[in-house]
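Visitor: Please find one structure pasted underneath; my questions will follow.
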Amino acid sequence: MAIKKEQRLLGVGILGCGPISQFGHLESVQKARNTQLRAVCDADEGLANRFGAFYDASAIYLDYDAMLADETVEAVIIATSDAFHVPAAIRALQAGKHVFCEKPIGLSVQEVQDLQKVVDATGKVLQVGHMLRFDPGIQSAKDFLTDEMGEILALKAWYCDSTARYTNTDAIQPVPRTGTRAIKPSENPKANLRRYNMLAHGCHLLDLARYLSGPIVEVHARHREKYGAMSWFIDVEFENRALGHLDLTLAVRMDWHEGFQIYGQNGSIKANILNPWYYRAAEVDIFREADASTHRVLGADGHFYRRQLEGFGDVILKGAPMTGASIIDGLESVRAMVAVMRSAETGQPVKLADATGPV
Ligand SMILES: NC(=O)c1ccc[n+]([C@@H]2O[C@H](COP(=O)([O-])OP(=O)(O)OC[C@H]3O[C@@H](n4cnc5c(N)ncnc54)[C@H](O)[C@@H]3O)[C@@H](O)[C@H]2O)c1
């Protein structure tokens, strides 16, 4: 593959050489038209050396502060466990770096608000890794919504992980390398599966709903667990008064099942989103009432992990508008997760403005 690079490249340092970097970020920095890999950092020497060397990093660090002191690193990708996102992002911003941080941006409303203050004070760019926003199929839906759809009457969206997920991904991905010195949070994130599923998967669904239909005002959620599976059905009140229904189910006894439908004034959209590791654009059918015809973009470049990084680079290097998830989007996604969890516990609707505390 010929990699065509632009003249001005953003110097990137990656914190964390765990699975998401091995499967997504290292290759993305290598392939993106506007980035170059200045450094990798991992407390596990084996991981740092192996992946730093393989991806031609100019420098390899075991200590995060040492990487932050590297002046050739203009932006940091934070690819660590969720619990470290906010503290690592704050340190990077205070060291004068732009930040691309994996999702979810944080674990509680309070800590993300603290981060927001640092983003505002430093004026640096922070983008959250809600990569669905860079799926060409989903972007075609967004364009239709912005330019032609008119008012939205209703939106349904679903994220249903499959029991076959790991069979699929094991078949596609290289075997992830692990290290005995990798830094892990004191509490195992999977100890509370309900919370883990909300943080790991619910944040994608909620950000997607906001990306498509705008701010969420209130949620009313029900939750059920059976035979080791769990499901949330969530009624959503959007600021634009569209009706919303979200379905978060882990794991369905069928293939990966993710997508959305939108009914609008001048058309409708049906979207089937594929397992992200296929790197295939979502199959998005846009029906235009005006000519009673359906259009589907091919979206041959389905590498949304690379595409989100190029978008991040364009904001920093060219002053392009931010189309990725901002700190406000990250905060609202955390608020929405808190609200869904509280609503499912109490059986009552919860306004996002009242959502505080941890997810
Ligand atoms: N967007 C997506 O589709 C997607 C998919 C999978 C995972 N993720 C997200 O990616 C993140 C990382 O996931 P993972 O499975 O790769 O995590 P992981 O915990 O397995 O790996 C993180 C690595 O970071 C290193 N690290 C952490 N703190 C460090 C520090 N202070 N100094 C040096 N090294 C440090 C660890 O040693 C470890 O090797 C999670 O937040 C997860 O939600 C996103």
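No value in this document is a laboratory result; all are computed from the given coordinates. Here the structure is a predicted model, which is why all the values come from computation and not from measurement. A quick note on method: Cβ atoms are made from the backbone with ideal geometry, for glycine too, and the neighbour counts reach across all protein chains shown.
Visitor: What strands (runs of 3 or more DSSP E) lie completely within region 34-88 and have 3 or more residues being more than 12 Å from the ligand (Cβ to nearest atom)?
Guide: Of the strands (runs of 3 or more DSSP E) lying wholly inside region 34-88, those with at least 3 residues that are more than 12 Å from the ligand (Cβ to nearest atom) span 35-41.
Visitor: While we're looking at this one, here's another question. Given Ser108, Ser140, which one is of a type in the set (Ser, Thr, Tyr), surrounded by fewer than 23 Cβ atoms within 10 Å (Cβ to Cβ) and closer than 18 Å to Pro321 by Cα?
Guide: Going through Ser108, Ser140 in turn, the sole match is Ser140.
Visitor: Hey, can you tell me all the residues within region 181-232 that are within 16 Å of the ligand (Cβ to nearest atom) and among the hydrophobic types (A, V, I, L, M, F, W, C)?
Guide: Those that are within 16 Å of the ligand (Cβ to nearest atom) and among the hydrophobic types (A, V, I, L, M, F, W, C): Ala182, Ile183, Ala191, Leu193, Met198, Leu199, Ala200, Cys203, Leu205, Leu206, Leu208.
Visitor: Out of the residues in region 89-102 that are in contact with a strand residue (DSSP E or B) (Cβ under 8 Å, 6 or more places away or on another chain) and charged (D, E, K, R), state the one that is nearest to the ligand (Cβ to nearest atom).
Guide: Glu102
Visitor: Right, something else. Take the conditions of a type in the set (Phe, Trp, Tyr), away from the ligand (no atom under 16 Å from the Cβ) and free of Cβ contacts under 8 Å to residues at least 24 places away in the same chain and apply them to Phe260. Does it pass?
Guide: So Phe260 fails the test.
Visitor: Restricting attention to region 70-98, which residues are farther than 22 Å from Phe23 by Cα, touching a residue at least 40 places away in the same chain (Cβ under 8 Å) and polar (S, T, N, Q)?
Guide: Within region 70-98, Thr72 is the sole residue that qualifies.
Visitor: I'd like the full set of residues that are farther than 20 Å from Gln348 by Cβ, hydroxyl-bearing (Ser, Thr, Tyr) and free of Cβ contacts under 8 Å to residues at least 24 places away in the same chain, limited to region 205-251.
Guide: Scanning region 205-251 gives a single hit, Tyr227.
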